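The values are calculated or read from the model by the stated rules, or taken from the named source; none is laboratory data. On a predicted model such as this, the values are computed, not experimentally measured, just so you know. In this analysis, Cβ positions are derived from the backbone assuming ideal geometry, glycine residues included, and neighbour counts consider all displayed protein chains. Surface areas here come from the heavy atoms of the whole protein model, side chains and all, with no ligands, DNA or RNA. Shrake-Rupley method; radii C 1.70, N 1.55, O 1.52, S 1.80 Å.
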Amino acid sequence: LNISLHMLPAKFAINKIFPNPFNPITQIQYELPKAGEISLTLYNMLGIKVMQLDNGFKSAGIHRISLNGSHLSSGIYFYQLRSEDYVRTRKMSLIK
């Protein structure tokens, strides 16, 4: 008997990137326990929006976004996942 169960995440999460610092490409992974509208945004040190990484209606599960920072300046950035039930911000460093 071969049964494959797809496990949904138990809670909202946005994972730390690895490696951090990165140059120039990294992956951002986030987990949604239920489907819904999300916004994944990149901000600079001043809190100014640099780019919208992902947004819209997403299914429950694990999602990955690739960020190519080749057009960004070296420095500290913040990536934020926002949904109806969750907001979390994490720090990343880009070193060229």
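Determine the per residue accessible area of the chain with all protein chains present and a 1.4 angstrom probe, expressed in square angstrom. Intermediate results must be reported in sequence, preceding the final value.
Details: 6120 Å² over 96 residues.
I get 64 Å² per residue for the chain.
Can you tell me the dipole magnitude for the chain around its Cα centre, using point charges on the Cβ only (Lys, Arg +1; Asp, Glu -1), in Debye to the nearest 20?
240 debye
Of the peptides 14-26, 31-43, how do they stack up when ordered by the mean number of other Cβ atoms within 10 Å, highest first?
31-43, 14-26
What are the ³J(HN,Hα) values, in whole Hz, obtained from phi via the Karplus relation 6.51 cos²θ - 1.76 cosθ + 1.60 with θ = phi - 60°, for each residue of the stretch 8-13 in sequence order, with x given for Gly and Pro?
7, x, 7, 8, 5, 7
Mind checking which lysines have their C-alpha under 26 Å from residue 58, skipping anything on the same chain fewer than 8 residues away?
Straight-distance partners of residue 58: 11, 16, 34, 49, 91.
When the chain is fully extended, how far beyond the present Cα-Cα distance does residue 27 get from residue 76, taking 0.36 nm per residue of separation?
16.0 nm
Suppose the chain between residue 60 and residue 16 were pulled fully straight at 0.36 nm per residue; how much longer would it get relative to their current alpha carbon spacing?
13.9 nm
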